[in-house]
Amino acid sequence: MRKYIRHPADIPIETKVKLVSKSITENLRNVSLGGLAFYGEDPYETGQMISIRIPLVQPAFEASAQVVWCYPNEAKYEIGVKLLDQDDAYHARMVEQVCHIEHYKREIYRKEGRVLNGQEAAIEWIEKFGNTFPVIHDVEIL
């Protein structure tokens, strides 16, 4: 089984630094068992506490996280955070799969002009890519 898969980088993720009222929309890069990574316009400080929200799924996924690394990546930054609650870490993996299916739905419309509902997209995505989606014990932990 593959250890790494390509992740949709066009899935919006909202981040908010604790004690700051402004929320920022970034782009999700990937999700692992212990956390997730996203692309941001500005750097985050290691150790900084943030709130994350992925509004694409219903109900929206919300969790508290701590920044564990931040690296420059071309004109942006790649930020890695660890989720502070174990249940959030497992829910994040389910959210990741939903994000892949939503990305697939958009790509099919863009490339083929076909409009898929959520169930149709999920069935097609699972048939085509489900076997390449790593199980939790195969995923790198941040």
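None of the figures in this text is laboratory data; all of them are computed from the coordinates on show. For clarity, every value in this text was computed on a predicted model and none was experimentally measured. Note that we place each Cβ from the backbone using ideal geometry, even for glycine, and neighbour counts take in every protein chain shown.
Quick notes
- Separation in nanometres of the label points that stand 7 Å from Cα toward Cβ, at residue 51 and residue 124: 3.6
- Listed peptides 60-71, 108-119, 41-52 by packing density, highest first (mean Cβ within 10 Å): 60-71, 41-52, 108-119
- Of the peptides 74-83, 98-107, the order by per-residue mean of other Cβ atoms within 10 Å, starting with the highest, comes out as 98-107, 74-83.
- Set of segment 93-115 residues, backbone N closer than 19 Å to the point 7 Å along the Cα-Cβ line of residue 14: 95-96, 99
- Pairwise alpha-carbon distances in segment 77-127 exceed 11 Å for 71% of all pairs.
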